[in-house]
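Written below as structure tokens is the structure these notes are about.
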């Protein structure tokens with residue numbers, strides 16, 4: 001049976017590499033991006049590697065866009081096996097929480113939390129219908145409440161909230177059929193992580209592939225890096 005995966009913000013960085021690696025292990029991957037021209041260029045590059053990649057425009061903060069991609073999945077495919085909530089913003093690096101503007105907090109919340117919420121709410125019924133699903137929420141070690149400190153508060157709060165979303169949804173679905181986990185990819189050399197980061201996108205996506213292909217007895221409701229449980 002053909003397997004299908006959806007990766008948000010798949011046109012660059014971790015998302016792009018996740019699309020590549022998922023396709024290499026046999027998935028047909030829907031690469032979704034807010035910028036259509038960048039997304040289509042990314043699809044062309046991956047198709048040149050003989051990988052099975054589809055494209056769909058998606059702004060994760062738009063419920064209309066979410067509805068459109070769900071209708072596409074239901075009409076054209078009929079199933080979705082894996083959802084990788086990768087889209088994210090990092091707008092307040094090093095800034096004190098009480099100094100940031102309303103718009104920075106709102107945008108961070110909308111992309112990093114509400115986007116995954118909208119998609120999970122829309123996609124889980126499809127997974128329930130097919131009695132199978134793997135959801136990977138790309139979080140961050142900065143979202144660990146146990147080690148949280150000053151600075152970059154909007155981002156940290158959004159990722160802590162994403163971890164909470166992970167745990168709650170994991171508890172509300174059939175744990176044998178649907179696995180929902182958070183992943184910290186580490187410090188990765190991407191546009192967000194910068195050129196001095198100590199991990200490549202390929203290294204970062206190894207955990208995504210692991211969580212996307214968990215067996216029935218695999219973990220759910222967890223927070224992982226390199227297949228090791230992290231503290232919430």
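Is region 12-112 best put as rounded, prolate or oblate by its Cα gyration tensor, with a ≥ b ≥ c the root eigenvalues, rounded for a/c under 1.5, and otherwise prolate when a/b is larger than b/c, oblate when not? Each step should come with its number before you reach the end.
Details: a/c = 2.53, a/b = 1.73, b/c = 1.46.
In terms of gyration-tensor shape, prolate.
Across all C-alpha atoms in region 1-52, the radius of gyration and Dmax reach 9.9, 31 Å. Subtracting the Cα-Cα distance of residue 146 and residue 168 from their residue separation scaled by 0.36 nm leaves 6.1 nm. Applying 1/(1 + (r/R0)^6) with R0 = 35 Å to the Cβ-Cβ distance of residue 79 and residue 35 gives a FRET efficiency near 0.85. Averaging the sequence gap over all C-alpha pairs within less than 8 Å and six or more residues apart, then dividing by the number of residues, gives region 38-160 a relative contact order of 31 percent. Pairs of Cα atoms nearer than 8 Å and 6+ residues apart set the relative contact order; for the chain it is 19 percent.
Principal-axis analysis of the Cα atoms of the chain puts helix 201-212 at an angle of about 60° to the longest axis.
Under the rule a/c < 1.5 gives rounded, and otherwise a/b versus b/c splits prolate from oblate, where does region 3-229 land using the Cα gyration tensor?
Details: a/c = 1.42, a/b = 1.27, b/c = 1.12.
Verdict is rounded for region 3-229.
The overall shape of region 103-151 is oblate: from the C-alpha gyration tensor, with semi-axes ordered a ≥ b ≥ c, the ratio a/c is 1.5 or greater and a/b is no larger than b/c. Measuring between their Cα centroids, region 21-45 and region 200-232 lie 21 Å from each other. When only alpha carbons are used to place a centre, region 151-177 and region 84-106 end up 17 Å from one another.
Helix 153-172 and the long axis of the chain differ in direction by around 40°, with both axes built from C-alpha atoms.
Axis angle, to the nearest 10 degrees, between helix 115-130 and the longest C-alpha principal axis of the chain: 30 degrees.
Every number here is computed from the coordinates shown, using simple stated rules; none is lab data. Only a predicted model underlies this, so the values are computations on that prediction, with no experimental measurement involved. Because the Cβ atoms are built from the backbone with ideal geometry, glycine has one as well, and the counts that use them run over all protein chains shown.
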